[in-house]
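Have a look at the structure below before the remarks.
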Amino acid sequence: MHVVVLAAGKGTRMRSRLPKVLQPLGGEPLIAHVLRRARGLDPRAVTVVVGHEAERVRQATNADDLRFVEQVEQKGTGHAVSLALAGEDPSDLVLVLYGDVPLIPEADLAACLDGEARLVVLGAEIPDPTGYGRLIEQPPGHLERIVEERDADVATRRIRRINTGILCAAAGDLQRWLAAGESEAAHRQGEWYLTDVVAAARAEGLPVALVLSSWPEAVLGVNDRVQLAQQERQYQRARAESCLRDGLMLADPARFDLRGDLAFGQDCLIDVNVILEGSVRLGDGVRIGPGCRLRDVTVGDDAVIDAYSLLESCEIGPNCHVGPFARLRPGALLQAGARVGNFVEMKNATLGPDAKANHLTYLGDATVGARANIGAGTITCNYDGANKHQTRIGADVFIGSNSALVAPVVVGDHATIGAGTVLTRDAPPGKLTLTRSPQETRTDWERPRKTSRPTMD
Ligand code: UD1
Ligand code: CA
């Protein structure tokens, strides 16, 4: 089988600088969803027809298993398919998918490919068919032709069965039917419609089968941002339901967004308005509070990510506690039982087992040993304006509040750093190190008094 994916159009109605097929749905370009479905069928070849911003689309989708055909002028879907089929073995089965129809139920594709007819078209029955090609059936169940909205009269516009754009037939048949459509288009001086293959097949007396989609609201094209937002919700609802069925507890499936891959163990609980992106893996019993965003994160068993925390490219060990209001940037690693509290930022830094940084701290380019306690307001000064430097804090260290650790610097095991220290040299293990200006009290000092202001009268 040969899959042809149409992706040459501009998508004017999106009013965007981004080509339509690259608009994101569930965090991935529309066309990535289509290509995933295509690959799932294990086809002999996948051809992507590109045109508008061809290079950009090609780069965004590039893979060894794809063949690209350029449609320099977008003369219509019929023209696009005929370009893709040039030189094709006539007996090959061809499946046409549209780059702007991202959500295709697998069952629908299976039903189309099962069809006996020479041409199988995937249709959908929907409450509001505005904008889509309408299916004319004669007799019912047998497609006679497809009429585009712009060519439809009032009665035809009332038909609620629409063309999804997905169809399959032998390459030779398609080429012949398309050729008939080309002269038709020339006549009309308009677009060369792929949909005209239906009438062409019927003109040859061949049966055309109609498969109705098992998920009609999903298999709709995305032409503008209203439809894109609708499809996003469909997609998210489906993903949330599949997570629930697999044992993930979502406080509200309507307030959960998954923009990538998620793996989870048993008894994980996700509160409302959580966004998961990239690749997220959760162990058993993980709890994520409301308003968190995790991108490319691994979380160990029974860890808690508390409300409004942002985590990216980091790893959280078992039994850790993060947040509320924590920001863990790339390279943050929390080993078992470590805790990071509110307004703590970490980047390229490791907190050892059971170490704590509970309040208002920045740990960048740092390692913190087991059970160390990082006091509120501690800052690793990792950047000198030109280069980044490392801070190494040993096991069982206690760093007093509001300390600045000027890297590169090492704090030995069991050391204590007094509050307010600006540490510029290494602190030896087991000792108290501090920098502090002496405290003084001035007995001769009086608090200034407010001078009385002259009044108007
Ligand atoms: C098309 C169908 C319509 C169907 C609807 C379903 C035709 C004539 N009409 O209409 O019956 O109900 O999809 O979503 O096919 N493209 C190219 N080259 C071109 C023109 C388009 O590659 O010259 C690509 C576009 O990038 C897009 C797809 O084909 O991915 C569909 O084109 P679009 O212009 O969106 O067609 P619709 O008006 O939605
Ligand atoms: Ca479309």
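The values are calculated or read from the model by the stated rules, or taken from the named source; none is laboratory data. Please read these numbers as outputs of a predicted model, since none were measured by experiment. Positions of Cβ are backbone-derived with ideal geometry, glycine not excepted, and every protein chain shown enters the neighbour counts. In case anyone asks, the SASA skips ligands and DNA or RNA and just uses the protein heavy atoms, side chains included. Shrake-Rupley method; radii C 1.70, N 1.55, O 1.52, S 1.80 Å.
Below is a table of values for the structure above.
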quantity: Whole-percent carbon and sulfur share, accessible surface of the range 2-219, 1.4 Å; calculated: 48 percent
quantity: Global form of the range 117-198, assessed from the alpha-carbon gyration tensor, a/c cut-off 1.5; calculated: oblate
quantity: Pairwise Lys count, the chain - Cα closer than 29 Å, eight or more residues apart or different chains; calculated: 9
quantity: Cα shape, the chain, gyration tensor, a/c 1.5 rule; calculated: prolate
quantity: Charge sum, other residues only, whose C-beta stays under 11 Å from D396's C-beta, Lys/Arg counted +1 and Asp/Glu -1; calculated: -1
quantity: Theoretical ellipticity at 222 nm over the chain - DSSP helices of four or more residues, -39500 (n - 2.57) apiece, nearest 500; calculated: -5500 deg cm²/dmol
quantity: Accessible area per residue, Å², the range 163-232 with all protein chains present, probe 1.4 Å; calculated: 40 Å²
quantity: Inter-site label distance for R245 and Q390 at 7 Å from Cα along Cβ, in nm; calculated: 4.9 nm
quantity: Nearest-0.05 FRET efficiency for A179 and A107, computed from C-beta distance (R0 56 Å); calculated: 0.95
quantity: Residues listed by number, the range 191-234, amide nitrogen under 20 Å from H142 label point at 7 Å toward C-beta; calculated: 196-212
quantity: Global form of the range 2-219, assessed from the alpha-carbon gyration tensor, a/c cut-off 1.5; calculated: rounded
quantity: Probe 1.4 Å, accessible area per residue of the range 310-457, Å²; calculated: 58 Å²
quantity: Label-reachable residues, the range 144-179, where backbone N falls under 15 Å from a point 7 Å from L212's Cα toward its Cβ; calculated: 159-164
quantity: 5 angstrom amide H check on E28, placed H, neighbours 5+ away; calculated: none
quantity: Label-point separation in nm, E440 to L269, each point 7 Å along Cα→Cβ; calculated: 5.7 nm
quantity: Relative packing of 433-442, 358-367, 252-261, which averages over residues the other C-beta atoms within 10 Å, highest first; calculated: 358-367, 252-261, 433-442
quantity: Burial ranking of peptide ranges 206-217, 134-145 (average Cβ count within 10 Å, highest at the top); calculated: 206-217, 134-145
quantity: Residue-by-residue Karplus 3J(HN,Hα) for the range 220-234, coefficients 6.51, -1.76, 1.60, Hz, glycine and proline x; calculated: 9, x, 10, 10, 9, 6, 5, 5, 5, 5, 5, 5, 4, 5, 4
quantity: The chain: antiparallel DSSP beta bridges as a percent of all, rounded to 5; calculated: 15 percent
quantity: Accessible carbon and sulfur surface of the range 311-386 relative to its total accessible area, %, 1.4 Å; calculated: 52 percent
quantity: Amide H contacts of C268 (H built 1.01 Å from N, under 5 Å, at least 5 apart or other chain); calculated: M249, G285, V286
quantity: Span per principal axis, largest first, for the Cα atoms of the range 37-128 (Å); calculated: 37, 35, 26
quantity: Virtual paramagnetic centre 7 Å along Cα→Cβ of D252, amide N under 19 Å, in the range 284-327; calculated: 288-294, 306-309
quantity: Pairwise FRET efficiency - V226 versus D151, Cβ, R0 = 41 Å, nearest 0.05; calculated: 0.95
quantity: Accessible-area composition of the range 397-457, carbon plus sulfur, in percent [1.4 Å probe]; calculated: 52 percent
quantity: Segment D92-T455, extension gain: residue separation times 0.36 nm, minus the distance between their alpha carbons; calculated: 120.8 nm
quantity: 15 Å beta-carbon shell around A303, net charge (K/R +1, D/E -1); calculated: -4
